[in-house]
Amino acid sequence: VQLMWICLECRTLYRTAMSKCDRDGEPVIEVRAHQNKSRYPLLGKLVDDRYHLIGGLGQGGLGTVYLAQHTRLEQLFAVKFLDLQIVGIDCSKEQKEEYRRDFMKEARVASLIRHEAVVRVIDFGQFEGMPFLVMEFVPGPSLLQMLTDTGRFSVSDALSIARRIAEALNAFHERQLVHRDLKPANVILDPRGDGRLTLVDLGLVKDISG
């Protein structure tokens, strides 16, 4: 379901279709998200009195990712919940508590990453017993979507994308962290081109510093 349009540069939101931002003239693209409450049961809820969950962005790993609008900033964010039941993981109470502790610990260390090709971690906490991680929302198609829609990349484009992914991963390794969920669906390509991309979904980041 189409929700709104967003400027690729300043992140201004628009409720009606347009091609360029009124503020800076940069391209504006559609933002789409799922509205299926059976798959995304938290839709419509307000997290920490500021993150209004307005759509579903996907499921995988150990949780569910929602599109959220900040009630005061009017900006979009991606909120990932550690939701073992909905992704079909059956484990004991002790295992669930271990997952919860690990998720909260790794959310904290994920906020240490500062790199233009890595999504920023904004906040984390618990809501209705589920830990959550708040990341900036990155508009644009995923690498998976582009591969599905357009097929094989040219050699130069493929090398550019691979190089940028390697630079993003190096930012993790310099801080003794591992992403652990690298896949085409977690690489967002900037629609403006030039090889710009963002590595997203830091919910499984692992601290290996000891």
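The values are calculated or read from the model by the stated rules, or taken from the named source; none is laboratory data. Since the model is a prediction, treat every value here as computed from it, not as a measurement. Every residue, glycine among them, receives a Cβ derived from its backbone with ideal geometry; neighbour counts consider all protein chains shown. Note: accessible area is taken over every heavy atom of the protein model, side chains too, but ligands, DNA and RNA are not part of it. Shrake-Rupley method; radii C 1.70, N 1.55, O 1.52, S 1.80 Å.
Mind checking which residues of the range 72-96 are over 20 Å from residue 123 (Cβ atoms), assigned to a loop (DSSP other than H, G, I, E, B) and at pLDDT 80 or above?
92
Can you name the residue in the range 6-27 that is outside any loop (DSSP other than H, G, I, E, B) and of a type in the set (A, V, I, L, M) and, of all such residues, is modelled with the highest pLDDT?
Residue satisfying both the conditions and the ranking: 6.
For the range 26-37, indicate whether the set of residues that are open to solvent by 20 Å² or more (accessible area, probe 1.4 Å), touching a Pro at 6+ places or on another chain (Cβ under 6 Å) and within 26 Å of residue 187 (Cα to Cα) is non-empty.
The answer is yes; a qualifying residue exists.
Looking at 69, 59, which is the one that is in a strand (DSSP E or B) and either within 16 Å of residue 13 (Cβ to Cβ) or modelled with pLDDT of 95 or more (or both)?
Step by step, each of 69, 59 is checked, and only 69 is in a strand (DSSP E or B) and either within 16 Å of residue 13 (Cβ to Cβ) or modelled with pLDDT of 95 or more (or both).
Read through the list (1) modelled with pLDDT under 90; (2) touching a strand residue (DSSP E or B) at 6+ places or on another chain (Cβ under 9 Å), then give the number of the only condition that residue 210 fails.
(2)
Quick one: would you say residue 202 is crowded, with 17+ Cβ neighbours inside 10 Å, of a type in the set (A, V, I, L, M), under 17 Å from the mean Cα position of the chain (by Cα) and in a loop (DSSP other than H, G, I, E, B)?
It is true that residue 202 is crowded, with 17+ Cβ neighbours inside 10 Å, of a type in the set (A, V, I, L, M), under 17 Å from the mean Cα position of the chain (by Cα) and in a loop (DSSP other than H, G, I, E, B).
Given the options 31, 47, 79, name the one that is touching a strand residue (DSSP E or B) at 6+ places or on another chain (Cβ under 9 Å), β-branched (Val, Ile, Thr), under 30 Å from residue 207 (Cβ atoms) and touching a residue at least 60 places away in the same chain (Cβ under 8 Å).
47
Regarding residue 46, is this residue at pLDDT 95 or above and within 13 Å of the chain's Cα centre (by Cα)?
no
Could you tell me which residue of the range 162-187 is farthest from residue 63 (Cα to Cα), considering only residues that are hydrophobic (A, V, I, L, M, F, W, C) and in contact (Cβ under 8 Å) with a residue 60 or more places away in the chain?
Among residues in the range 162-187 that are hydrophobic (A, V, I, L, M, F, W, C) and in contact (Cβ under 8 Å) with a residue 60 or more places away in the chain, the one farthest from residue 63 (Cα to Cα) is 177.
Residue check: is residue 3 touching a Lys or Arg at 6+ places or on another chain (Cβ under 7 Å), assigned to a loop (DSSP other than H, G, I, E, B) and surrounded by 13 or more Cβ atoms within 10 Å (Cβ to Cβ)?
The answer is no for residue 3.
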